[in-house]
1. I'm trying to understand the selection: among the residues of the range 54-63, which are surrounded by 22 or more Cβ atoms within 10 Å (Cβ to Cβ) and either near the ligand (Cβ under 8 Å from one of its atoms) or not hydroxyl-bearing (Ser, Thr, Tyr) (or both)?
2. Could you please tell me which pairs satisfy a Cβ distance under 6 Å, a separation of 6+ or placement on different chains, a first residue in the range 48-63 that is within 14 Å of residue 30 (Cβ to Cβ), and a second residue that is assigned to a strand (DSSP E or B) and more than 16 Å from the ligand (Cβ to nearest atom)?
3. Looking at this structure, is residue 145 within 27 Å of residue 65 (Cα to Cα) and part of a helix (DSSP H, G or I)?
4. Please go through the range 38-53 and pick out each residue that is in a strand (DSSP E or B) and either among the hydrophobic types (A, V, I, L, M, F, W, C) or open to solvent by less than 10 Å² (accessible area, probe 1.4 Å) (or both).
5. Within the range 170-187, restricting attention to residues that are of a type in the set (Phe, Trp, Tyr) and open to solvent by less than 30 Å² (accessible area, probe 1.4 Å), which residue is farthest from residue 27 (Cα to Cα)?
6. What's the number of the only condition in (1) out of contact with any helix residue (DSSP H, G or I) (no Cβ under 7 Å at 6 or more places or on another chain); (2) assigned to a helix (DSSP H, G or I) that residue 3 fails to meet?
7. In this structure, is residue 73 of a type in the set (D, E, K, R) and not in a strand (DSSP E or B)?
8. Could you run through the range 113-152 and say how many residues are within 23 Å of residue 4 (Cβ to Cβ), buried (at least 17 other Cβ atoms within 10 Å of the Cβ) and out of contact with any strand residue (DSSP E or B) (no Cβ under 8 Å at 6 or more places or on another chain)?
Amino acid sequence: MGISHPVFAALYDWLTWPAERGALGRRRAALVAEGRGRILDLGAGTGLNLPRLRAAQRYVGVEPDPAMLEQARPRAAAATVPAALLLGRGEALPFPDGAFDTVLATLVFCTVPNIPAALAEVRRVLRPGGALLFLEHVRSPRRPLGALQDALTPLWRRCFGGCHPNRDTLNAFRDAGFALEVAERWAGGRWVRGAARPE
Ligand SMILES: C[S@@+](CC[C@H](N)C(=O)[O-])C[C@H]1O[C@@H](n2cnc3c(N)ncnc32)[C@H](O)[C@@H]1O
């Protein structure tokens, strides 16, 4: 797959632990609990969504970084529904059309190299009426904050596994033909949570 950030993968749960213990974790739990039926977790990382599944029938996590997948394995083994982890990329999903009721995207479109290609794949694998549930950090619409995020991006992406803190992810969803329900936007508009459905 060509992606490997072993140090980032090893540190990921430690780095995110303070936020996951607090408001971010509560928002993640609320989002994932909305997931229904056959669930695809795009860029599953260390599997933080797995313990939060509530209405899933089965779970598939796709992740291009083998080091992340290793971290996710114990969570998949402990899942309350059948759970599989696959090495793969959002831009080329190894599933038939309409294979999933829900796609989860948590903190992932900041890192996916080709967002339009990945969103085209999400549309293809979602069944009609299915939903892409997202929790993402994005470029702030507030000018000074957005400019700061732009300035930080070159260093940030080197330190945090290719993550871009300045992406306009909501407009990328719209451009890909999704209708958005933004449930929440916080921290100066740097974080968003909601659902996107193919129009
Ligand atoms: C910040 S982590 C988030 C992990 C997890 N979704 C979470 O909520 O904790 C971003 C993840 O996106 C993955 N990723 C990078 N490029 C990707 C791609 N093309 N397709 C799918 N996932 C990708 C990374 O390997 C990494 O695990």
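The values are calculated or read from the model by the stated rules, or taken from the named source; none is laboratory data. Since the structure is predicted, the reported quantities are computational estimates derived from the model, not experimental observations. Don't worry about glycine lacking a Cβ; one is built from the backbone with ideal geometry, like all the others, and counts go over all protein chains shown. The area values use the complete protein model at the heavy-atom level, side chains included, leaving out ligands, DNA and RNA. Shrake-Rupley method; radii C 1.70, N 1.55, O 1.52, S 1.80 Å.
1. So the first thing to find is which residues in the range 54-63 are surrounded by 22 or more Cβ atoms within 10 Å (Cβ to Cβ), and the list is 56, 59-63.
Result: 56, 60, 61, 62, 63.
2. 55/36
3. Details: within 27 Å of residue 65 (Cα to Cα): no; part of a helix (DSSP H, G or I): yes.
When the stated conditions are applied, residue 145 does not pass them.
4. Taking the range 38-53 first, the residues in a strand (DSSP E or B) are 38-42.
Result: 39, 40, 41, 42.
5. In the first step, residues of the range 170-187 are kept if they are of a type in the set (Phe, Trp, Tyr); the result is 173, 178, 186.
Next, only the ones that are open to solvent by less than 30 Å² (accessible area, probe 1.4 Å) stay: 173, 178.
Working: 173: 20, 178: 22 Å.
Result: 178.
6. Condition (2) is where residue 3 drops out.
7. On the way: of a type in the set (D, E, K, R): yes; not in a strand (DSSP E or B): yes.
For residue 73, the condition - of a type in the set (D, E, K, R) and not in a strand (DSSP E or B) - is met.
8. Counting residues in the range 113-152 that are within 23 Å of residue 4 (Cβ to Cβ), buried (at least 17 other Cβ atoms within 10 Å of the Cβ) and out of contact with any strand residue (DSSP E or B) (no Cβ under 8 Å at 6 or more places or on another chain) gives 1.
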